[in-house]
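> Okay, here's the structure, questions in a sec.
The values are calculated or read from the model by the stated rules, or taken from the named source; none is laboratory data. From a predicted model like this one, the values you see are computed outputs, not experimental measurements. Neighbour counts are summed over all protein chains in view; Cβ atoms, including those assigned to glycine, are modelled from backbone coordinates with ideal geometry.
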C-alpha cells in the first residue's frame with residue numbers, strides 16, 4: 001500500500017520529468033531549424049517566414065540571442081493572451097470548445113477541493129477506524145486512507161456530512177454543466193450564423209438510393225429531387241468507389257518519396273556507387289537491384305495503371321454506389337431535405353447533412369448501406385471481448401500497485417521490495433506507467449473498428465472511437481482497477497471471512513485504490529501532458545524527411561506533420577479524470593489537488609498547441625458537445641452509486657436512503673438539457689437558414705452558386721491525379737463540366753423529364769415544358 005512518502009517520491013519523479021520536458025521544449029522551440037516543427041500553423045497560414053533564410057550561417061541553426069533563453073517560459077502567458085473570439089477565428093470553434101472541457105474541470109473541482117478539504121478531510125481524519133481494523137488484521141491501509149471515508153466507523157452520524165456534501169457537489173456540477181451547455185449552444189449558433197460560405201451548408205448526403213432498371217443512379221437522383229424539391233434542387237455529385245484508385249495513387253506517392261530519397265543519397269555520396277535495394281518483402285530479402293532504376297520502373301508502371309483504373313471508375317456503372325451529394329440553391333432548401341423523411345419507405349432515400357468536403361471519409365461511402373448493420377453488430381461483439389479480456393493485464397498492473405500483497409504471493413521478491421527507495425519508486429511510479437503502456441495501442445485499434453463500421457466522416461469516426469475509448473477506460477481502468485485490485489489485495493481476508501462480511505470488506509477497500517489513481521494521474525496527467533508539448537515524434541520525423549526527402553519548399557511543407565487535437569484520444573482521457581474527481585471527491589478528497597494540477601497544466605499546454613501547432617482536419621461547429629455533456633453526467637451518476645454502495649457497507653440505514661434522490665435528479669437534469677439544448681447540435685433551424693440566405697442574396701446577388709458547388713464533392717483522388725498529370729490528354733472531370741447537357745424523356749412515369757447530365761458532377765435541368773420549347777424549331 002502506497003504511503004504519503006511513496007506518493008511524494010512519485011510526485012517528485014513526475015514533477016522533475018515535466019520540468020525537464022518543459023526545459024527541453026523551451027530550448028528546442030527557440031532554435032531556427034525547429035521553427036517549422038513548433039510553429040507550423042503560422043506557416044500554413046502564410047504569416048511566418050523561416051528564420052533560416054537570413055542571418056549568418058550559425059544563426060540559421062542556433063539562436064544566439066541570450067535574452068530569449070532568459071524568458072524560456074514566456075510561452076505560457078502568450079498561450080493565455082489570445083482572447084476566445086480571436087481563437088475561434090484562428091483555430092475554429094471545435095478547438096475553442098475543446099479547451100472549454102478543461103475549463104469545466106477547473107470550474108467543477110477547484111470549489112470542490114476547497115469544500116472537501118475544509119469539511120470532509122477533518123471529518124475523516126479525526127477517527128481511528130482503520131487503526132482498529134489494522135489490529136484485527138482484516139485490511140491494510142496507509143496515511144492517505146485515513147483521509148478517506150474508510151476511516152469513518154459504521155453507523156456514524158458523521159456520514160451525514162458526506163451525504164450533504166454529495167448533494168452540494170451534485171448541484172454545483174449540474175449548474176456548471178447547464179451554464180456551459182447554454183454557452184456552447186449559443187457559440188455554435190453564432191458561429192453558424194457568421195461562418196463563411198461552405199459547400200456543406202448547401203448539401204445533403206443521400207444514401208440507399210433504390211435501384212432502378214431503367215435509370216442510372218445519377219439519373220434517378222436528379223429525377224427524384226427535381227420532382228420532390230423542384231424549387232430548391234441545384235446539382236448533385238454521385239459517389240463512386242475509387243478505393244482501388246486511391247491505393248494506387250498512395251502507392252505512387254510512396255514510390256516517389258523513395259525515389260527522391262535514393263536520388264538525394266546518390267547526390268550527397270562522395271562515391272559514384274549507386275544505391276541498391278532488395279525487391280522482397282519490406283526490402284528485407286530478395287534480389288538486389290539498382291534502387292533508382294527500380295523505383296523509376298515501378299512509378300512508370302503505376303503511371304499506366306492509374307489512368308486505366310481512373311477510366312474504369314469513370315465508365316463502369318458498377319463503380320457508382322447508391323449514394324450522392326445533393327446540393328440546393330439555398331441553405332433553407334438543404335435544411336429541409338437533410339432534416340426530413342424523403343419517402344414513405346423510411347429505409348430508402350435516407351438524407352443527412354453532408355460533412356464538409358475535408359471531413360468526408362471517402363472509403364466508407366462505397367460500403368452498401370445494408371451492410372452497415374451487420375458490420376456494427378460484428379464490431380459490438382468484438383468490442384465486448386476486447387474490453388473484458390483486457391481485464392487480465394489490468395489485474396497484473398494492480399498486483400504491482402500493492403507490493404505487500406505481492407510479497408505474500410511471491411516471497412522471493414521480498415529482499416528487493418524491502419529496499420525503501422525501490423519500494424517507493426515501484427509503488428509511486430511504476431503502476432501508472434505500466435497501465436499507460438498497456439493503453440498506448442488502444443486508440444489505433446478503436447479507430448480501425450470505427451472505420452470498419454462504415455462511418456462516413458472523420459468527425460463521426462472520432463466521436464465513435466472516443467465513445468468506445470471512454471467505455472473501455474470506464475470498465476478497465478476504473479472499474480477494473482477497483483474490483484481486480486481490491487480482490488487481489490483482500491484475497492486471503494475473503495477466504496477466512498464469512499460471506500456476509502465480504503461486502504463490508506470490499507466496500508472498505510474501494511477508496512483504498514485512490515493511491516493507484518494518484519500515481520496514474522501523475523504519470524499520464526503531469527509528465528504525459530508535458531511530453532505532449534515536446535512533440536518528439538513530429539520533431540524526429542520532420543528532420544528525417546528534411547534531410548532525405550526535401551528538395552523544394554513544397555516538399556518541406558509536406559514534411560511538417562503538426563497533427564490535430566485528437567478528439568478520439570484526448571476527450572476520453574479528460575472524461576476519465578472527471579470521473580475520478582467526481583467519484584473520489586466525497587470518498588478520498590486528497591485526490592482532488594492532483595486532478596486540478598492536470599486540468600490547469602493541460603489547459604495551458606493545449607491552448608499553446610492549438611494556437612501554434614495543430615491543424616484541425618475538419619470543423620463540426622462543436623457537434624460533439626452533447627457527447628461530452630452526457631459522459632460527464634454519467635460520471636456524476638456513477639459517483640453517486642459508488643457513494644451509495646459505500647454507505648450501505650457502513651450500515652447507515654437511516655442516512656443512506658437520502659442518497660436515492662440524487663440519481664433521479666441527475667437523470668431528470670440530463671433529460672431537461674437534452675430537450676433544451678441538444679436540438680441546436682442536431683438540427684439547423686430553418687429560421688437561421690433563411691436569415692443567412694437572405695443576407696447572402698443582398699450582399700452577393702450575382703453569386704454563381706452552381707459553379708461553387710459543382711465540383712465541391714469530387715473524390716479527392718481525382719484532384720490529386722489532375723495535379724500530377726502534365727498531359728492534357730489524360731481524363732479529367734473538368735471535361736464533363738463543359739459538356740452540353742442533353743435532355744431525354746424519363747422512362748419512369750412523372751410530370752418531369754430526366755436529363756442525362758455530367759456523369760460525375762450532375763446538373764440542374766429545365767422542366768419538361770421548357771425542354772420541349774427548346775427542342776422545337
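> What single numbered condition from (1) more than 25 Å from the chain's Cα centre (by Cα); (2) farther than 30 Å from residue 344 by Cα; (3) not in a loop (DSSP other than H, G, I, E, B) fails to hold for residue 234?
(2)
> Continuing with the same structure: What do you reckon, is residue 230 surrounded by fewer than 22 Cβ atoms within 10 Å (Cβ to Cβ), touching a residue at least 12 places away in the same chain (Cβ under 8 Å), farther than 30 Å from residue 657 by Cα and not assigned by TED's automatic domain parsing to the domain that holds residue 334? Even if it seems obvious, please write down each step before you answer.
Numbers: surrounded by fewer than 22 Cβ atoms within 10 Å (Cβ to Cβ): yes; touching a residue at least 12 places away in the same chain (Cβ under 8 Å): yes; farther than 30 Å from residue 657 by Cα: yes; not assigned by TED's automatic domain parsing to the domain that holds residue 334: no.
For residue 230, the condition - surrounded by fewer than 22 Cβ atoms within 10 Å (Cβ to Cβ), touching a residue at least 12 places away in the same chain (Cβ under 8 Å), farther than 30 Å from residue 657 by Cα and not assigned by TED's automatic domain parsing to the domain that holds residue 334 - is not met.
> Is it the case that some residue within region 602-614 is outside any helix (DSSP H, G or I) and on the phi > 0 side of the Ramachandran plot? Walk me through how you get there before you give the answer.
Here is the first cut: in region 602-614, the ones outside any helix (DSSP H, G or I) are 613-614.
Now drop any that are not on the phi > 0 side of the Ramachandran plot, which leaves none.
Scanning region 602-614, I find no residue that is outside any helix (DSSP H, G or I) and on the phi > 0 side of the Ramachandran plot, so the answer is no.
> In addition: Hey, can you tell me all the residues within region 211-227 that are surrounded by fewer than 17 Cβ atoms within 10 Å (Cβ to Cβ) and at pLDDT 90 or above? Before you say what the answer is, go through the steps one by one.
As a first pass, look at region 211-227 and keep what is surrounded by fewer than 17 Cβ atoms within 10 Å (Cβ to Cβ): 211-214, 216, 227.
The one that is surrounded by fewer than 17 Cβ atoms within 10 Å (Cβ to Cβ) and at pLDDT 90 or above: 227.
> Quick check on my filter: what residues within region 554-563 are part of a helix (DSSP H, G or I) and over 18 Å from residue 259 (Cα atoms)? Step through it out loud before you land on a result.
From region 554-563, those part of a helix (DSSP H, G or I) are 554-559; that's our starting set.
If the condition is that a residue be part of a helix (DSSP H, G or I) and over 18 Å from residue 259 (Cα atoms), then 557 is the only one that fits.
> Select from region 335-359 the residues that are under 28 Å from the mean Cα position of the chain (by Cα) and within 22 Å of residue 210 (Cβ to Cβ) and list them in ascending order.
Of all residues in region 335-359, those under 28 Å from the mean Cα position of the chain (by Cα) come to 335, 338-339, 350-359.
Result: 338, 339, 350, 351, 352, 353, 354.
> Check region 129-146 and report whether any residue there is under 36 Å from the mean Cα position of the chain (by Cα) and at pLDDT below 90.
Within region 129-146, the subset under 36 Å from the mean Cα position of the chain (by Cα) is 144-145.
Filter once more, keeping what is at pLDDT below 90: 144-145.
Taking every residue of region 129-146 in turn, at least one turns out to be under 36 Å from the mean Cα position of the chain (by Cα) and at pLDDT below 90.
> If you check residue 611 against the conditions, is it surrounded by fewer than 23 Cβ atoms within 10 Å (Cβ to Cβ), out of contact with any helix residue (DSSP H, G or I) (no Cβ under 7 Å at 6 or more places or on another chain) and assigned by TED's automatic domain parsing to the domain that holds residue 167?
When the stated conditions are applied, residue 611 does not pass them.
> Quick one: is residue 119 farther than 26 Å from residue 679 by Cβ, at pLDDT below 90 and not in a loop (DSSP other than H, G, I, E, B)?
Working: farther than 26 Å from residue 679 by Cβ: yes; at pLDDT below 90: no; not in a loop (DSSP other than H, G, I, E, B): yes.
Criteria not met by residue 119.
> Answer with yes or no whether residue 277 is within 19 Å of residue 549 (Cβ to Cβ), without any contact (Cβ under 8 Å) to a residue 24 or more places away in the chain and either in the same structural domain as residue 719 (by TED's automatic domain parsing) or over 36 Å from the mean Cα position of the chain (by Cα) (or both). Show your work before the answer.
Numbers: within 19 Å of residue 549 (Cβ to Cβ): yes; without any contact (Cβ under 8 Å) to a residue 24 or more places away in the chain: yes; either in the same structural domain as residue 719 (by TED's automatic domain parsing) or over 36 Å from the mean Cα position of the chain (by Cα) (or both): yes.
Considered against the rule, which asks whether it is within 19 Å of residue 549 (Cβ to Cβ), without any contact (Cβ under 8 Å) to a residue 24 or more places away in the chain and either in the same structural domain as residue 719 (by TED's automatic domain parsing) or over 36 Å from the mean Cα position of the chain (by Cα) (or both), residue 277 comes out as yes.
> Modelled with pLDDT of 60 or more and buried (at least 19 other Cβ atoms within 10 Å of the Cβ) - does that describe any residue in region 727-747? Give the derivation first.
Taking region 727-747 and keeping what is modelled with pLDDT of 60 or more, we get none.
There is no residue in region 727-747 that is modelled with pLDDT of 60 or more and buried (at least 19 other Cβ atoms within 10 Å of the Cβ).
> Any idea which residue in region 160-204 is farthest from residue 631 (Cα to Cα), counting only those that are touching a residue at least 12 places away in the same chain (Cβ under 8 Å) and not in a helix (DSSP H, G or I)?
197
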